[in-house]
Amino acid sequence: MASANKRIKIDTECHVFNEKWTNEYFIVAVKCKPICLICREVISVLKKSNLERHYNTKHIEYEEYQGQLREDKIKELQKNLNTQQTIFTKRQKEMDSVMQASYVVNELIKKRNRPHSDGEFIKECIVATAALLAPEKLRLFESMNLSRRTVSDGIKDETHDIEISQEDSAADFEFYSLAVDEVTDITGTAQLAIFLRGITSVFKIQEDLLSLVPMHDSIRGEDVFEKVISAVHGYQLSFEKLSGLTTNGAPAMVESQKGLVALVKKEMDRLGLDPSKLIVCHCNIHQENLCAQSMRLNKVMSIAVLSINFIKSKGFNSCQFKELLKDHEAAYGDVVSYSGVRWLTRGNTLKQFYELRNEVKLFMEMNGKSVAELSNPKWLCDLAFMVDITQYFSALNVKLQGPNQLLISLLSHVKSFETKLKLWQTQLEKGNMTHFPTLQAQKPASTVEYARECAHLLQKFCDQFQDLISKELELNIFFMPLSVEVRNVHEVFQHELTEMQNNNELRDKHSSLPVLQFYRLYVGANKFPNVRRHALKIASMFGTTYCFKQACSRLVKNYVHAR
């Protein structure tokens, strides 16, 4: 016990190096540690007695150096020490720079979804370039390790660091929501992706991939629920902070008894939480796509696709058609293939098919595959209407895409499109085709059928987005707190909203600032606790599973590159 106390006392003593000890004992202080200039040994404790003992027992022969000779010898030894330390420091800095450069390349390979084996080719390019531009640094570039194994390990290390950072960030979330979707990859394995959108008390939003797991056996609601629970617990997230759940609307997600949504609500009820406070959304992009597929004129699309498939199915046909387009100086050099899983393909395919309809008709007749519909004026009017309406759908789809979108913004895009459908219905009933220029060019005898198509689409939108529209008041409290009707909102918000609506300064700030910045700076937790907490909840909501759609394309690339 006594020796332990003595050791602690020695470690905690504060000794100051005396410059005269250098002349007396050939000792210098480097980073507060005494180092012998002669043998380069580090003296354990900075005390005069220790330095004196070291000098007398190991280097007493240096006593022959006196006066100017002693000073010259000390300067010589100091210079040698500094040179040695500079070499070591420089070498360490070079190695650190090489390691950092390797990680930079790894990160770029990951971001660009390139094969991990590309690291070796990149190194060849770097070395060849360095030999011409910086031959004195060639050794450093050659020491970079960018083998396939090293790149893979480096990316794994970065991924592990990101996961740790995500777990640390998740602890600061006031609310979070989940987006769950699944797709079958190119190996035939169903992949379940769980995305997290969290928000901190200062309205900082973070979207991350929480988990990506293969579903080998089945994709039942119970299986999906088990994976979601595992992912949530892995990040130590509490169901008390879960604000919403967005799915693709598949039976495994929304089945009334055993779907994911139902099981999550049962879990909340088991934990003593109110399941009715969970905001459930069906991906807005997916719903919009379902509405587009419900059009009764979709038979037009099938004729166009059959013609395009005949052209694109054989290389010889495709080459012949391209030559035909070149001879006729057509507006396009080819037709776009149609893919049902791509959001914007329909509009582009129909538009190009319509522009090239005469060339398609001629080509099909030349190959004994004449398409009678291309000579039918009524069918061409239907095609023209589909060209116009699918262009509007494509524009809406683009607005619904993108990360970090607020749910209220997505709702406003949907309601705006519904209003346009009402306008188009009214105008087409009167024969007004102002907003359908392609249809107008065909000069149809009647536009009543197209007005009915708009009415059908409007009803389909109302049905598909009813759940979202039912939350409109809650969304308006968040987005328009200074204009929402106070008597229509829940009692818990009424007093706070009344104070906000009668505060002229807040009105000015609300009109001039982005909504999240307005809440962060001017809606304090002390004065408006309920409104601010409601804003945090709504801002944490996913409106789409767009983040998953992005991940799907990366998943395919990464699988191919990893092979």
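How do Arg197, Arg270, Arg114 stack up against each other in accessible area, from largest to smallest, with a 1.4 angstrom probe? Write down the numbers at each step before the final one.
Values: Arg197 0, Arg270 160, Arg114 115 Å².
Sorted by accessible area, descending: Arg270, Arg114, Arg197.
Computed from the C-beta positions of Met95 and Thr189 and an R0 of 60 Å, the FRET efficiency is 0.90 to the nearest 0.05.
Relative to the longest principal axis of the Cα atoms of the chain, helix 68-111 runs at roughly 10 degrees. With all protein chains in place and ligands, DNA and RNA left out, the 1.4 Å accessible area ranks Met366, Met480, Met500 as Met366, Met480, Met500, largest first. Within the same chain, lysines fewer than 8 places from Lys351 are excluded, and of the rest, those with a Cα less than 22 Å from its Cα are Lys299, Lys312, Lys322, Lys326, Lys361, Lys369, Lys378, Lys399, Lys420, Lys443. Between Lys299 and Glu323, the FRET efficiency from the beta-carbon distance, with R0 = 25 Å, is close to 0.25. Label sites at His216 and Leu273, each approximated as a point 7 angstrom past Cα along Cα to Cβ, lie 3.1 nm apart. With equal scatterers on the alpha carbons only and no solvent term, can you work out the Debye log10 of I(q)/I(0) for the stretch 445-510 at 0.11, 0.22, 0.27 1/Å? Evaluating at q = 0.11, 0.22, 0.27 Å⁻¹ gives log10 I(q)/I(0) of -0.46, -0.88, -1.10.
Can you give me the % of accessible surface on the stretch 145-280 that is carbon or sulfur? Probe 1.4 Å, all protein chains present, nothing else counted. Walk me through the intermediate numbers first.
On the way: 3120 of 6520 Å².
The C+S portion of the solvent-accessible surface of the stretch 145-280 is 48 percent.
List the relative contact order of the stretch 160-289 as a percent without decimals, with contacts defined as Cα pairs under 8 Å and 6+ residues apart. Kindly include the intermediate steps, with their values, before the conclusion.
Details: 201 pairs, mean separation 29.1, N = 130.
Reported relative contact order: 22 percent.
Calculate how many DSSP beta bridges within the chain are antiparallel, expressed in % of all such bridges and rounded to the nearest 5. Percent antiparallel among DSSP bridges in the chain is about 75. Once the C-beta distance of Asp157 and Ala131 is scaled by a Förster radius of 35 Å, the resulting FRET efficiency is 0.75 to the nearest 0.05. Of the peptides 530-541, 272-283, the order by per-residue mean of other Cβ atoms within 10 Å, starting with the highest, comes out as 530-541, 272-283.
Relative contact order of the chain: 14 percent, from C-alpha pairs under 8 Å at least 6 residues apart in sequence.
Tell me what the chain gives for mean residue ellipticity at 222 nm when only DSSP H runs of n ≥ 4 count, each as -39,500 (n - 2.57), the sum divided by the residue total, rounded to 500 deg cm²/dmol. Could the numbers behind the result be given before it?
Working: 26 runs with 341 residues, N = 563.
Only helices count here, giving -19000 deg cm²/dmol.
The residues of the chain expose on average 54 square angstrom of accessible surface per residue, using a 1.4 Å probe on protein heavy atoms. Binning all Cα-Cα separations of the chain at 20 Å, short to long from zero, yields these whole-percent fractions: 15, 32, 30, 15, 8, 1. Placing unit charges on each Cβ (+1 for Lys and Arg, -1 for Asp and Glu) gives the chain a dipole about its Cα centre, and among Leu146, Asn113, Leu51 the Cα reaching farthest toward its positive end belongs to Leu146.
The values are calculated or read from the model by the stated rules, or taken from the named source; none is laboratory data. Everything numeric in this text was worked out from a predicted model, so none of it was measured. We place every Cβ from the backbone using ideal geometry, glycine too, and count neighbours over all the protein chains shown. With ligands, DNA and RNA removed, areas are computed over all heavy atoms of the protein, side chains included. Shrake-Rupley method; radii C 1.70, N 1.55, O 1.52, S 1.80 Å.
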